[in-house]
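The values are calculated or read from the model by the stated rules, or taken from the named source; none is laboratory data. Since the structure is predicted, the reported quantities are computational estimates derived from the model, not experimental observations. All Cβ positions, glycine included, derive from the backbone under ideal geometry; neighbour counts span all protein chains shown. When the accessible area is computed, the model is the full protein with side chains, heavy atoms only, and any ligands, DNA or RNA have been set aside. Shrake-Rupley method; radii C 1.70, N 1.55, O 1.52, S 1.80 Å.
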Amino acid sequence: MAADGFRRTRAGIELRLPELEATLLSELVGQIDALLEAPPVEDPLEALVGLRDTAPPPPDDPALARLLPDPYPDDPMASGDFRRRRTDDLLARKREAARRVLAAVPAPGRARVLDEAAAQDWLTTLNDLRLVLGTRLALTDDDSTTELEHLEPDDPRRPLVAVYAFLTELLDDLTRALD
């Protein structure tokens, strides 16, 4: 049996995961799907057209704000216009990728072969998961990441750090398989 993780084969990018990792990944992708739900649209015409009349506010959740960075931090009007025009579309694309990934998580010990488009969905979703978790862990630079490698055994962040490391390794495997 092939090693777990991503690897390139003649058929495409192959992924194998043990049961625990497959279950964990499914749970995480389900959570990010919920996080990426667009803010409600009150006006039925706006919902139908898909373009808001007014900009949704910047995300309150720092993790969501990390996934939707402000492209114009020094220009509130341009930022608002960008959010008005693009937020729903960006969230929808990320959610669609996450849902395709969720549907493609292989059964434990089984292989799933991904084409290039599916591999891009996995890149997007794994990166989004890492950004969310990194935000929750207050990772801001290499020093903060290094600090997490030396946590005390009873530190409550240890499980999250292990998940972050798993996602990092999986993303690295996929990136190498795509090269």
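Things worth noting here:
- Residue match in the range 106-115 (condition: open to solvent by 40 Å² or more (accessible area, probe 1.4 Å) and closer than 17 Å to ASP33 by Cβ): no
- Of all residues in the range 116-150, those satisfying the criterion of being under 23 Å from ILE32 (Cα atoms), charged (D, E, K, R) and surrounded by 11 or more Cβ atoms within 10 Å (Cβ to Cβ) are ASP121, ASP128, ARG130, ARG136.
- Residue within the range 101-121 that is part of a helix (DSSP H, G or I) and among the basic types (Lys, Arg) present: no
- Long-range neighbours under 6 Å by Cβ, at least six apart or interchain, first residue assigned to a helix (DSSP H, G or I) within the range 149-178, second open to solvent by 50 Å² or more (accessible area, probe 1.4 Å) and of a type in the set (A, V, I, L, M): none
- Summed over the range 25-78, residues that are within 30 Å of ARG110 (Cα to Cα) and crowded, with 17+ Cβ neighbours inside 10 Å total 7.
- A search for C-beta distances below 6 Å between a residue of the range 39-57 that is within 22 Å of MET77 (Cβ to Cβ) and at pLDDT below 75 and any residue that is surrounded by fewer than 14 Cβ atoms within 10 Å (Cβ to Cβ) and of a type outside the set (A, V, I, L, M), counting only pairs 6+ apart in sequence or on different chains, returns GLU46/ASP53.
- Single residue of the range 151-161 satisfying the filter (within 29 Å of ASP33 (Cβ to Cβ) and surrounded by fewer than 10 Cβ atoms within 10 Å (Cβ to Cβ)) that is nearest to the chain's Cα centre (by Cα): PRO159
- Which numbered condition ASP88 fails, given (1) surrounded by 15 or more Cβ atoms within 10 Å (Cβ to Cβ); (2) in a loop (DSSP other than H, G, I, E, B): (2)
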